[in-house]
Amino acid sequence: MDRSSDAPPHPAQALPTPAWQGTWRFTLPPTDSSVPQARHAVRDLLRRRSAPLTDERTHGLMLILSELVTNAVRHAALLTPEIGVEVTVDPYWVWVRVEDGHPYRPHALAASPERQRTGGRGLLLVQATAQEAGGSCGVRATAGGGKVIWAVLPLDRPTGWPTTSPPPRPAP
């Protein structure tokens, strides 16, 4: 009697990677029109790939992406011929990274009652949105002297998935 069919599958025979997992990159010019272009491109990509994200989680991700691309356009355009956008979806997390050529590393501004300005709180909004969803955000230098600002949000859990996710790996 052949029992080879009862053996667990060899790692090479593991289930194929779902279509929603992967990494996608594109560049945009540092202009105002790049903000909605980035948002539409990423939203369409995630929908086409059927990434497990609710409308609420997708909305949060689009808010984060819009803020990050807007900041690159407003504050780094002079040193940035192209804004880089990268989206990575792994088994538990969706990452968005926006790269520009400016060396300044921004910090989220704390809201205070004395401040009457409406601007300057974009990264605070990014941080709050990511944390509220169970994710995080940060900034790192690039080899070329610029920076990548990233955010990571957990994927929504389809039925049968574990209810907890491992912590996200450090931003690449």
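The values are calculated or read from the model by the stated rules, or taken from the named source; none is laboratory data. The model shown is predicted, which means the values in this text are computed figures rather than measured ones. Neighbour counts run over all protein chains shown; Cβ positions are idealised from the backbone, glycine included. Protein only, heavy atoms only, side chains kept; ligands, DNA and RNA dropped before computing areas. Shrake-Rupley method; radii C 1.70, N 1.55, O 1.52, S 1.80 Å.
Taking the criterion of being in contact with a Lys or Arg (Cβ under 8 Å, 6 or more places away or on another chain) and part of a loop (DSSP other than H, G, I, E, B), the only residue of segment 129-145 that qualifies is Ala133.
For segment 76-98, does any single residue satisfy the condition of being touching a Phe, Trp or Tyr at 6+ places or on another chain (Cβ under 9 Å) and of a type in the set (Lys, Arg)? Scanning segment 76-98 turns up at least one residue that is touching a Phe, Trp or Tyr at 6+ places or on another chain (Cβ under 9 Å) and of a type in the set (Lys, Arg). Can we say Trp20 is at pLDDT below 95, among the aromatic types (Phe, Trp, Tyr) and outside any helix (DSSP H, G or I)? The answer is yes for Trp20. For segment 95-105, residues that are open to solvent by less than 40 Å² (accessible area, probe 1.4 Å) and in a loop (DSSP other than H, G, I, E, B) total 1.
Conditions tested, residue by residue: (1) touching a Lys or Arg at 6+ places or on another chain (Cβ under 8 Å); (2) open to solvent by 50 Å² or more (accessible area, probe 1.4 Å); (3) more than 19 Å from Gly138 (Cα to Cα).
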{"site": "Pro52", "(1), (2), (3)": "yes, no, yes"}
{"site": "Asp55", "(1), (2), (3)": "no, yes, yes"}
{"site": "His59", "(1), (2), (3)": "no, yes, yes"}
{"site": "Ile64", "(1), (2), (3)": "no, no, no"}
{"site": "Thr70", "(1), (2), (3)": "no, no, no"}
{"site": "Leu79", "(1), (2), (3)": "no, yes, yes"}
{"site": "Gly84", "(1), (2), (3)": "yes, no, no"}
{"site": "Trp93", "(1), (2), (3)": "no, no, no"}
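For Thr23, state whether it is within 20 Å of Ala130 (Cβ to Cβ), in contact with a strand residue (DSSP E or B) (Cβ under 7 Å, 6 or more places away or on another chain) and not small (Gly, Ala, Ser). For Thr23, the condition - within 20 Å of Ala130 (Cβ to Cβ), in contact with a strand residue (DSSP E or B) (Cβ under 7 Å, 6 or more places away or on another chain) and not small (Gly, Ala, Ser) - is met.
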